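This report concerns only the one structure given below.
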Amino acid sequence: MLNDTSHRKNSVSFFNRLIITHQSFVIILLHKTGATVTEDHYQRPPTYPRVLVLSGPSGVGKDTIARKLIESRPDSFHFVVTATTRPPRAGEVDGYDYIFLSKDEFAEMIERNDLLEYAIVYDDYKGIPKQQIRDALNSGKDVIMRVDVQGAATLRKLIPNAIYVFMMTESEEELVRRLRARASEDDDSLNLRIATARQELKRIHEFDYFVVNAEDEQEKTVASILSIVDAAHCKIKQ
C-alpha cells in the first residue's frame, strides 16, 4: 500500500501543477513589470523558489539545522512540517516541529490523498501533507523539507530538481552519543537506529551534497547549506 504507483503518479501530477502555476505567475509578473535594464534589452534569467531536502540518519541534527536556516533568513525560507504518528519528544510543539496524528487520523489522510509521500519509519508513519506544499509555494520562498533517507528517495522521484543534502555527524561514536543524550531510546531502539544509520550511509550516492554537522559547529553547517542554496539560484537551468 505504501508509495504505490497510483499514489506516486497523483503526487507527481499534484506537484507539477503547483510548480507550473507558480512559475507562470512569476513569468507574468516579470513581463508586466519589465525586466529590461539596458538599451540592448539585456534580461536577467528568472529564478524560482528552490526545494531543499535535508536528510540523513536519525540524530544528525536535521531539525536543528532546518530551524537555524530559517532563523538565518526568515524572509527566504518556508519550512514544511511533516505529519507523524510517533509521540512528541520533550519540547516538541504540535504544528511547529511536527503535525502529531493518531494512526487513524493518518490513515484518513492517506484515503483522502492528502499526502505528497508517506512511509513507515521505526514503526510509525511519516508523511508530507500536500497543504504544506501549497502553503510553501504560495509564500514564494525557498522550501525546506526535513525527511528520512527513505522519504528522500521517494521525493527524488517526485521532485527530481530539488536540492538533496545528506547530513551526518563527524563519526559514528558522535551519532551514538547524540541518540543516547535524547534519553528517549531503549537499548533495542538505539541499536536499531545505529544499524539503520549504517545502511543509510551506503545510500549517500543518491544525494547531491554531503554535509558534516559537527558538534558545536552548527553555524558552519548552516553556512555550508546556505552556500549550496545560493549556488542553486545561480544556475541557468533551474
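Principal semi-axes of the equivalent ellipsoid, √(5λ) from the alpha carbon gyration tensor of region 65-176, are 21, 19, 16 Å from largest down. Please report the relative contact order for region 154-224, taking Cα pairs under 8 Å with a sequence separation of at least 6, and give it as a percent rounded to a whole number. So the answer I get is 47 percent.
Of all DSSP beta bridges confined to region 87-225, the antiparallel ones make up roughly 55%.
For Lys103, the shell of other residues with beta-carbons less than 11 Å away shows a net charge of -4, using +1 for Lys and Arg and -1 for Asp and Glu. Residue separation of Glu215 and Glu170 scaled by 0.36 nm, minus their Cα-Cα distance, works out to 15.4 nm of gained length. Exposure proxy for Tyr96, Tyr122, Tyr48: other Cβ atoms within 10 Å of each Cβ, ordered fewest to most, give Tyr96, Tyr122, Tyr48.
Annotation: amide H-H contacts under 5 Å for Ile144 (H modelled 1.01 Å from N, sequence separation of 5 or more, or interchain): Leu52, His78, Phe79, Val80.
Summing Lys and Arg as +1 and Asp and Glu as -1 over all other residues whose Cβ lies under 11 Å from the Cβ of Ala152 gives a net charge of 0.
Couplings 3J(HN,Hα) of region 45-61, computed from phi: x, x, 10, 10, x, 9, 9, 9, 10, 9, 9, x, x, 4, x, 7, x Hz, in residue order, whole Hz [Karplus 6.51 cos²θ - 1.76 cosθ + 1.60, θ = phi - 60°; x for Gly and Pro].
Every number here is computed from the coordinates shown, using simple stated rules; none is lab data. Just so we're clear, the structure is a prediction, and the values are computed from it rather than from any experiment. We place every Cβ from the backbone using ideal geometry, glycine too, and count neighbours over all the protein chains shown.
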